[in-house]
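Take a look at the structure below.
The values are calculated or read from the model by the stated rules, or taken from the named source; none is laboratory data. All of these numbers come straight from a predicted model, not from anything done at the bench. Don't worry about glycine lacking a Cβ; one is built from the backbone with ideal geometry, like all the others, and counts go over all protein chains shown.
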Amino acid sequence: MNSEKLALLLTREMPYGKYKGRVIADLPGHYLGWFAREGFPSGELGGLIALMYELDHNDLRSLLDPLRLPRPR
């Protein structure tokens, strides 16, 4: 796992489905679990979803917090 891939979780958006347009880091755990059971997509997208699943499954989502940009007020 490297910081570049972690940063991609915060910028890449889901290109299809119920959560289309949501960044991969913000996908809900039940959706990530569904991919884990049914199969991850091929290519970079699948790799990022699999990485996010591992972070979620192991309660490590907080690793992404320092990489998040501050939200404008």
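A few notes on this one:
- Pick from the stretch 1-16, criterion among the charged types (D, E, K, R) and part of a helix (DSSP H, G or I), ranking: surrounded by the most Cβ atoms within 10 Å (Cβ to Cβ): 5
- In the set 53, 31, 19, only one residue is surrounded by 12 or more Cβ atoms within 10 Å (Cβ to Cβ) and in a loop (DSSP other than H, G, I, E, B); that residue is 19.
- The residues in the stretch 37-50 that are outside any loop (DSSP other than H, G, I, E, B) and more than 13 Å from the chain's Cα centre (by Cα) can be counted, and the count is 3.
- Under the condition of being of a type in the set (D, E, K, R) and over 24 Å from residue 66 (Cα atoms), the residues counted in the stretch 1-52 number 4.
- Scope the stretch 17-32; condition of a type in the set (Gly, Ala, Ser) and in contact with a helix residue (DSSP H, G or I) (Cβ under 7 Å, 6 or more places away or on another chain); matching residues: 25, 29
- Considering the stretch 64-73, the residues that are loosely packed, with under 13 Cβ neighbours inside 10 Å and part of a helix (DSSP H, G or I) include one that is modelled with the highest pLDDT, namely 65.
- When residues of the stretch 35-50 are limited to those that are of a type outside the set (Lys, Arg) and exposed (fewer than 14 other Cβ atoms within 10 Å of the Cβ), the one farthest from residue 2 (Cα to Cα): 38
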